[in-house]
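Only one structure is covered here, and it is reproduced in the block below.
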Amino acid sequence: MFSNVLVVCVGNICRSPMAEAMFRQRVPNARVQISSAGTHAMLSSTIDPLAQAVLLVNGVPAHKHRSRQIDRQMLHEAELILVMEHRQTQSVLKLAPEVRGKTFLIGKWQHALEIADPYRRPKLAFEQTYEQLSRCVDDWLPYLQSGDPR
C-alpha cells in the first residue's frame, strides 16, 4: 500500500487539487497521504473557484488548499507521483531523474490520456476535467490498495 501519493500539474490550482480531493474522498485508508503540487505553482493560491464549484456539485469535499511548488524532497518522499501531461513528467525528471520509476501519467490506464488544463476556460472545461480525472482516479485505486503501480 502506498503511504504517500503526490499529484502534479502546472499551477496547482485546478487539476492536481481536484484529483487530490477525489483521491482523499475515495481512499478510505487514513494512513495514505495524498498531496499535490505544481511545476510552476502559483504559490499559496487557493483552488480555482470553478474547480471548487465542480467538486462540490459532484459531492467531493474541497479541503483548504494552498498551491505549492514541487521540490526534490517532496518527489523523494512520494511513493507514487501522478502527472497530468507528459510535460510534467519532463519537469519532474529534470528536477529529480531518480524518481522515473515512480512517476506516471494519471491517465495511464485511460490509453495514456493527458488531462488538458482548464485554467481560464469556461465551467464546461472544468466539468470535462472532473469527468476525466474521476475515471483516472478510479483506475488508480486498486493499485493504491495493492501497492503495485505496474
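The values are calculated or read from the model by the stated rules, or taken from the named source; none is laboratory data. Only a predicted model underlies this, so the values are computations on that prediction, with no experimental measurement involved. In this analysis, Cβ positions are derived from the backbone assuming ideal geometry, glycine residues included, and neighbour counts consider all displayed protein chains. The area values use the complete protein model at the heavy-atom level, side chains included, leaving out ligands, DNA and RNA. Shrake-Rupley method; radii C 1.70, N 1.55, O 1.52, S 1.80 Å.
Apart from one condition, Ala53 fits all of (1) in a helix (DSSP H, G or I); (2) in contact with a Gly (Cβ under 7 Å, 6 or more places away or on another chain); (3) of a type outside the set (Asp, Glu); the exception is (2). Do we have Asp117 as in a helix (DSSP H, G or I), open to solvent by 10 Å² or more (accessible area, probe 1.4 Å) and in contact (Cβ under 8 Å) with a residue 60 or more places away in the chain here? No; evaluated as a whole, the condition is false for this residue. Flag not set for Val32, criterion: open to solvent by 10 Å² or more (accessible area, probe 1.4 Å), in contact with a His (Cβ under 9 Å, 6 or more places away or on another chain) and not basic (Lys, Arg).
Here the condition is being assigned to a helix (DSSP H, G or I) and out of contact with any helix residue (DSSP H, G or I) (no Cβ under 6 Å at 6 or more places or on another chain); of Pro28, Pro17, Pro61, it holds for Pro17 alone. List, please: which pairs have Cβ atoms under 8 Å, are six or more places apart or on different chains, and start with a residue in region 52-79 that is surrounded by fewer than 18 Cβ atoms within 10 Å (Cβ to Cβ) and end with one that is assigned to a helix (DSSP H, G or I) and of a type in the set (Val, Ile, Thr)? Close Cβ pairs (under 8 Å, with a partner that is assigned to a helix (DSSP H, G or I) and of a type in the set (Val, Ile, Thr)) amount to His76/Val99.
Checking each residue in region 18-35 for being touching a residue at least 24 places away in the same chain (Cβ under 8 Å) and either more than 16 Å from Gly107 (Cα to Cα) or touching a Gly at 6+ places or on another chain (Cβ under 8 Å) (or both) picks out Ala21, Arg24, Gln25, Arg26, Val27, Asn29, Arg31, Val32, Gln33, Ile34, Ser35.
Here Ser3 meets each of (1) surrounded by fewer than 22 Cβ atoms within 10 Å (Cβ to Cβ); (2) farther than 24 Å from Leu124 by Cβ; (3) modelled with pLDDT of 95 or more with one exception, condition (3). One residue alone among Glu79, Glu131 is farther than 23 Å from Asn4 by Cα and either modelled with pLDDT of 95 or more or not hydroxyl-bearing (Ser, Thr, Tyr) (or both), and that residue is Glu131.
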